[in-house]
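The values are calculated or read from the model by the stated rules, or taken from the named source; none is laboratory data. Everything numeric in this text was worked out from a predicted model, so none of it was measured. Neighbour counts are summed over all protein chains in view; Cβ atoms, including those assigned to glycine, are modelled from backbone coordinates with ideal geometry.
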Amino acid sequence: MLLILEDIGHQFIHIPSEVNFTTVSHMIYIHDAGEILAGDLTHSHPNYDEVRPRVKRREGAAFRLLSRSLEDEPTKTAVRDLYRRVHAKSPEDKEAQLTDYIDKVQAVRFGLINVFPPSTMKNPERRRIQLNHTMTTLFKPANGLVNSLDSSYSRAEAIGLIKEELRNFLVQGYKKHEIQPYLDLFLQTSVNGASK
């Protein structure tokens, strides 16, 4: 995730001038800290929607327990505030929105290469279902990021960033006709949603 953030910082000029990348790097570092004790819940879990609230509560409790060991009160307060922000994902919180987007991007990239590579999915229906699930995972934080940005220049850069991420699906083996409807949908919703 930190490498993705670094790439964004090198590739664009307007997003880094609007979003505090130091804060984002701290959010990246701690965003999954509760999973150290509580474990991780994968989307492939058969009862994902049912168990998710309980697991997320357990993660929050685990993070509070871990953060108690911080002896410096200002550090403890700052860390807990960052953790709260990254999980609250306020629509106006640019740093939390960028952290969420990067979190989903790294998961999607890992899945495309290591878990559900398109080259191994010969069944068209299974392929379509997996692609739809992956795009759904990516689009909510992508739109959240675009809509959180104030500058039209930053929003244009974010849209370009996300378009490039969608092109990565072609590199990994999806066909243009499979990806194009999602690209069109994203461009339609991001342009409509981002007109401030």
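Under 7 Å between Cβ atoms, at least 6 apart or on separate chains: pull out the pairs that start in the stretch 128-145 with a residue that is in the same structural domain as LEU112 (by TED's automatic domain parsing) and end on any residue that is surrounded by fewer than 16 Cβ atoms within 10 Å (Cβ to Cβ) and assigned to a helix (DSSP H, G or I).
The qualifying pairs are ASN143/THR189; ASN143/GLY193.
Working carefully through the options LYS76, LYS56, find the one that is modelled with pLDDT of 90 or more and outside the structural domain of ARG155 (by TED's automatic domain parsing).
Numbers: LYS56 fails: modelled with pLDDT of 90 or more.
Result of the check over LYS76, LYS56: LYS76.
Out of all the residues in the stretch 106-127, which are in contact (Cβ under 8 Å) with a residue 40 or more places away in the chain, of a type in the set (A, V, I, L, M) and either surrounded by fewer than 17 Cβ atoms within 10 Å (Cβ to Cβ) or touching an Asp or Glu at 6+ places or on another chain (Cβ under 6 Å) (or both)?
Within the stretch 106-127, ILE113 is the sole residue that qualifies.
Would you mind finding the one in ARG80, ARG109, ARG85 that is assigned to a helix (DSSP H, G or I), of a type in the set (D, E, K, R) and more than 12 Å from HIS31 (Cα to Cα)?
ARG109 is the lone residue from the list that is assigned to a helix (DSSP H, G or I), of a type in the set (D, E, K, R) and more than 12 Å from HIS31 (Cα to Cα).
Out of the stretch 148-172, which residues are surrounded by fewer than 18 Cβ atoms within 10 Å (Cβ to Cβ) and not in a helix (DSSP H, G or I)?
Listed by number, the residues that qualify are ASP150, SER151, GLN172.
Exactly one of these conditions fails for LEU145: (1) crowded, with 20+ Cβ neighbours inside 10 Å; (2) assigned to a loop (DSSP other than H, G, I, E, B); (3) aliphatic (A, V, I, L, M). Give me its number.
(2)
Of all residues in the stretch 128-142, count the ones that are of a type in the set (D, E, K, R) and either loosely packed, with under 12 Cβ neighbours inside 10 Å or within 20 Å of LYS94 (Cα to Cα) (or both).
1
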